[in-house]
Amino acid sequence: MTLQSFRRFRPLQHGFSLIEMLVAVMFIGILTAGMLRIYSANLASFQRVNDMIGSQRRGRWALASLQDDVSLVGYFAFVPFNQPTGYSVASGTQEPFMILPAPTPVLTTGPDPANPGGALITGPLTPNPDEMQFVGDLPLPIMATVAGTTPAALTVNVLSGSLADVQPGDIVAILDAAFEQVQVASVSGNVIGVSAAGMAMAGSTQAGGYALAPVLTFHPPDTPIAIFRPNVVTRYAIQARAWDPSNPAITVPCLVRQQALYPPGGTLINWAGAATDVIAENIEGFTVDLSFDGGINWLRQGAADWNAIVANISSKSPGGKPVNPRDPSNPLWFRTFPFLIRMDIVSRSAAPRAQGATTAQVDYVRRTQTLMVSPRNFGLPL
């Protein structure tokens, strides 16, 4: 038997050297950085698209509301029975139709796009937005029919809406062949009391110029009625509102609608205490222009205030016909010619964001949308 020399067997040792590990880590780092860059770019693009869609949606919502209201500029429910009277067309008063170019600065408070993590900044919107105000009869959202009549009261069946929205001074039109109209004195349950003091024979100029019936006559049951609030002034403007519950100091520009009854004597309305509906938030631009020639020329260009626009209307009316919008005999001058109203809305994202993955520039994402409306009651002089 041959003796073998003692040999200690050891397993083979395999692995990476330090240099190999460093090279692998470097390549993994480069690959990870590239993936993160692609992810960051895709995320930024996704956020920008979402901001753009949100801005566009807000702008469309605002324009839809404007289209509904502006298409009814000059709407009066009870003409041609009589022309509404009592409007002022003197400069500086509450005229039946006004566009006020950039009347007052709108100040908002929010993040500084140049330093998003820094202190909030307060500044005016640039350019300053316009205002638009117009008068008309407001249909109330109530569907009802006649249940019974007396000379001084009307009992109705309400199909939708609520008579709680009806106020003294509103006008009820009974939609049958006689088209009788009465002014509301009171509302109790489903009974509408008629105002004897506000009623007059046809052809009179009481109750804002409307021809109202002297007494209620008989009307068959189930005859539909319509209820209107006469001489309502609607105002569209942009105001700063605090909408962030986490930080009330932040204010955003909002397109608002306010409504008030036309003031006696045409005194300029103080809108500070008027009820306000916010139509859309993050609307920072609102510009209104007028055109008599189908949009070729716009009267607001170069006009600093409503007086300058009125002067342009007087000098650029179609066909060379002279127009004096402040003629007391024609306070509803804006119904005389079928001109266009152009409204430009600028909506923005809720917060400023980086404009790209490779740039440090931070700003709001903005969208400008335009609506042109030819009010259906223009070109129909009373």
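The values are calculated or read from the model by the stated rules, or taken from the named source; none is laboratory data. A quick note: this is a predicted structure, and the numbers were derived from the prediction, not measured. As a convention, Cβ positions derive from the backbone with ideal geometry for all residues, glycine included, and neighbour counts pool all protein chains shown.
Here are the numbers:
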{"item": "Subset of region 85-116 (residues that are without any contact (Cβ under 8 Å) to a residue 24 or more places away in the chain, exposed (fewer than 14 other Cβ atoms within 10 Å of the Cβ) and in contact with a strand residue (DSSP E or B) (Cβ under 6 Å, 6 or more places away or on another chain))", "result": "Pro105"}
{"item": "Residue ranges of strands (runs of 3 or more DSSP E) in region 271-349 with at least 3 members more than 23 Å from Asn128 (Cβ to Cβ)", "result": "none"}
{"item": "Failed condition for Ile225, given (1) at pLDDT 90 or above; (2) within 23 Å of Pro105 (Cα to Cα)", "result": "(2)"}
{"item": "Conditions (1) assigned to a strand (DSSP E or B); (2) under 19 Å from Val288 (Cα atoms); (3) of a type in the set (A, V, I, L, M, F, W, C); (4) touching an Asp or Glu at 6+ places or on another chain (Cβ under 8 Å); number of the one not met by Val135", "result": "(4)"}
{"item": "Which listed residue is of a type in the set (A, V, I, L, M, F, W, C), modelled with pLDDT of 75 or more, on the phi > 0 side of the Ramachandran plot and out of contact with any helix residue (DSSP H, G or I) (no Cβ under 8 Å at 6 or more places or on another chain), from Ala102, Ala62", "result": "Ala102"}
{"item": "Per-region count, region 338-363, residues modelled with pLDDT of 80 or more and either of a type in the set (S, T, N, Q) or surrounded by fewer than 16 Cβ atoms within 10 Å (Cβ to Cβ) (or both)", "result": "4"}
{"item": "Some residue of region 146-169 being under 30 Å from Met343 (Cβ atoms) and either under 19 Å from the mean Cα position of the chain (by Cα) or crowded, with 18+ Cβ neighbours inside 10 Å (or both)", "result": "no"}
{"item": "Unmet criterion (only one of (1) farther than 30 Å from Asp344 by Cα; (2) modelled with pLDDT of 95 or more) for Tyr236", "result": "(1)"}
{"item": "Flag for Ile238 being in a strand (DSSP E or B) and not assigned by TED's automatic domain parsing to the domain that holds Leu63", "result": "no"}
{"item": "Any hit, region 364-375, residues being farther than 24 Å from Val70 by Cα, assigned to a loop (DSSP other than H, G, I, E, B) and modelled with pLDDT of 80 or more", "result": "yes"}
{"item": "Test: residue in region 270-285 that is modelled with pLDDT of 90 or more and over 30 Å from Asp112 (Cα atoms)", "result": "yes"}
